Structures are given as structure tokens and as C-alpha cells.
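Let me begin by presenting the structure, written as C-alpha cells, before commenting on it.
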Amino acid sequence: MLSVNRMSTVPHRRITPCSTSRRLVGGTGLFVWITIVLTFAGPALRAADYAIGADLSFLKQAEGRGVVYRDGTRIRPGLEIFKDHGYNWIRLRLFHAPKQLPNGLDYTIALAQQARAQGFKFLLDLHYSDTWADPKQQTTPAAWTNQTHAQLQKTVCEYTRDTIRAFRAAGVLPDLVQVGNEITHGLLWPDGKLPEHWENFADLLKAGIDGVQAGCGTNARPRIMIHIDRGGDPGGTKYFFDHLNAYGVPYDVIGQWYYPWWQGSLDSLRTNLNFMATNYQKDIVIVETAYCWRPTEYTKAPGPFPETPQGQREFYQAVNRLVRNTPTHRGIGLFWWEPAVGHGRLRDRGFFEDDGNALPIMNALGHPDEK
């Protein structure tokens, strides 16, 4: 049973539900709802296997523009190549109303359907923005500006509910939902900005989680992930999740990103994995990682591995071993961020050479001794 602990100094604020099927009244109502979900959803809230995942949100756009991917000498669809090399999860981000980026609802549903047809499980990454949401920007969608806090709670809940319903109707209900992206400094600024507005922030997260539940119909609720950017930072992780837990936000999985040029050594990552597993008893996913196969990030000083095709592969295997060795088997997955981008500097972190040939990293996790 999930316990909800609150600091005595944290007042309760009722969230605004978006479903008339139930109302959450006070801390007791929230606790009862969590208990019911965990009791009856049961196995649906447990990870069935280790996630070897990739964020492939740009893949459909890249292939639509004529980018090709080769496995050996043969051109093949990108999803097929990843599936044949042991990948079992796909992560897809969703923007509210993107103007320049492709990751709107119809595009994301279509890509999720392609992935599900290949047998992938599906992590939905809700950005709650019209563009990139990250520690430096959490821009409220243009359609939601000038709303009061109560209105914004209702909007978040209803938008999330309707989004989950749309995926469910399309036959691709997510297996895991990330409520917000890299929310170390909050979301939906300025209303939910941290550290100024912890209570508002918690309300908005609860509204999003409530919306996930409301959109599922009779289906079991997908697991809920909370994602921050502190993979190598135990202190920052503790600050965030201690506060989050104090407000009774219900979640199932801790998502972290780990880019070594920002987050430090593998020892820092190991320390934080051990800390999270010991202190929070939650499953943990490194939901974003990457390393370059040609010199890009470490041009002035050497990195932990050479920025070469083989060095990239060795980095990935090293991170994978750390996640798999997390205490009490709490490390349940690892996702590479955008390994199939079609052009630009991000291709230096990808799994394919400029001509589309797969790099050695494609085989990094497909062998029994690496699992």
C-alpha cells in the first residue's frame, strides 16, 4: 500500500476533478482513491519487464522527409531495426498545440500505432506546453494563459483526460505516462513555478494524474512517472522528491535523465540510484541518456569514454549495468534520447552514421551478458 506522508506545515488544498464519477475530498479521499487503484489495478501498475527504450519522437517526421536507416546494407523502417535489436519500449513526447515541431496529438497517435504494431510498449511524455518544456522553460500553452489557478487545474485535468481518451480510442493506451517533462523547476509557469509555488505545482500534478485516471474508462490506469533532470545529483533529487512527497502527490516511477557532460561521473549516477532506491522505494528509469559517437561535447577535455562509435557503445553498456544493479531491483529501464534524428548536431548522439548505417551501439544491449 502506498502511504501518503504530509508535513504538518503543508495545508491541504482540494484539487479540481475533471470526472463526475468521483471526487477527492480532503487527504482521506485522496488516500482512499490511491488505495482502490492499487488494490484493483494491481499487476497493471507493476513493470512486467526491463525497459530497453528509445525516445523516437522525431522518427516519423524524419522518415517522411526521406531519411533512411540501414541495418547492414539493407534499408529498413527505423522501428523494425530497433525492435530486432532488443528494444521493447518507445517514448513519445506530446505538445499541446505545436506550431513548428511535429509532436501534436494526431502525429503522436499515428507513431504510437506504428510502434504498438511492432510490439513496443509505450511511454507518453506530456509536456503541457506548445513547445519544449525543460528546466529552463515551462511555458503555459497559449490557449491556457490568463487562467486562474482553479481554472488551470480544471483545464489540465480535462486536457489530460481527453488526451488519454484519444489514445485509448486509437488502441494505444499508454503503459506509462509522464506527467510533465523535466519538472525540477515546476511546470505551467508562472502558476506552478518552483520554488515559489510548491502548493500550486502539487495541485497541477494531481490534476494531471486525475486526468490520466479519468481518461482510462474501464482500463487499468497506466503507471505514473515523475521526471526530473538530476540523474547524478542526490542532493537535488532529495530536495525535489522530499517536497513532492510532503504534498502527497501519488506516483509510481521516478524518471531521471543522465547526460554525463551535465550530470557528472558514473559514480555520481550510481550514488543517486542507490539513494533513490533506498529512500523512496519507487521503481526508477533513466528516461533520457545519450553519448556522442564523434567529438562533440568533449572538445576541450577528455570524457569518461572516447567520443567514438566504440566509446559510445561502452558508455551505454556501463549505464545499463548501473541501472540493472540498482538495489532491490528498483532500476527497471533505460531510454536513449532521439537515437534516430535525421540531421543536425543531435545526430552526433544517434545510432546511425550520416549515410544511415547503424553504429555499433545498436547491438549494445541485445546480448544476454548485457541484460
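Worth pointing out:
- Of the DSSP H helices in the chain, those with a Cα length along their own long axis of 15 Å or more and a mean Kyte-Doolittle hydropathy reaching 0.5 comprise 26-41.
- No disulfide-compatible partner, judged by a Cβ distance under 4.7 Å, exists for the following cysteines of the chain: 216, 292.
- For the chain, built as a Gaussian network whose Cα springs stay under 10 Å, the top-fluctuating residue of 258, 291, 239: 239
- Within the shell of other residues whose beta carbon sits under 11 angstrom from the beta carbon of residue 230, the net charge comes to -2, with Lys and Arg scored +1 and Asp and Glu -1.
- Taking the DSSP bridge list for the chain and keeping only pairs wholly inside it, about 20 percent are antiparallel.
- Structure remark: mean-square fluctuation, Gaussian network model of the chain, C-alpha springs under 10 Å; the largest value among 357, 88, 279 belongs to 279.
- For region 268-367, relative contact order (Cα pairs under 8 Å, six or more residues apart, normalised by length) works out to 32 percent.
- Cβ-defined net charge surrounding residue 90, 9 Å radius [Lys, Arg +1; Asp, Glu -1]: +2
- D (Stokes-Einstein, µm²/s), Kirkwood Cα radius, region 50-370, 1.567 mPa s at 4 °C: 65 µm²/s
- With 24 Å as the limit on Cα-Cα distance, the pairs of 238/282; 99/121; 83/238; 154/282 that go past it are 99/121; 83/238; 154/282.
- Counting neighbouring Cβ atoms within 10 Å and putting the fewest first, the residues 316, 107 line up as 107, 316.
- Summing Lys and Arg as +1 and Asp and Glu as -1 over all other residues whose Cβ lies under 14 Å from the Cβ of residue 343 gives a net charge of -2.
- Mean separation of Cα pairs under 8 Å and 6 or more residues apart, divided by the residue count, gives region 50-370 a relative contact order of 18 percent.
- 5 Å binning of all Cα-Cα separations within region 232-306, expressed as whole percents from 0 upward: 3, 13, 24, 22, 14, 10, 7, 5, 2
Values quoted throughout were computed directly from the atomic coordinates according to the rules given, and no laboratory measurement underlies them. Everything numeric in this text was worked out from a predicted model, so none of it was measured. Counting neighbours? That spans all protein chains shown, and the Cβs are built from the backbone with ideal geometry, glycine included.
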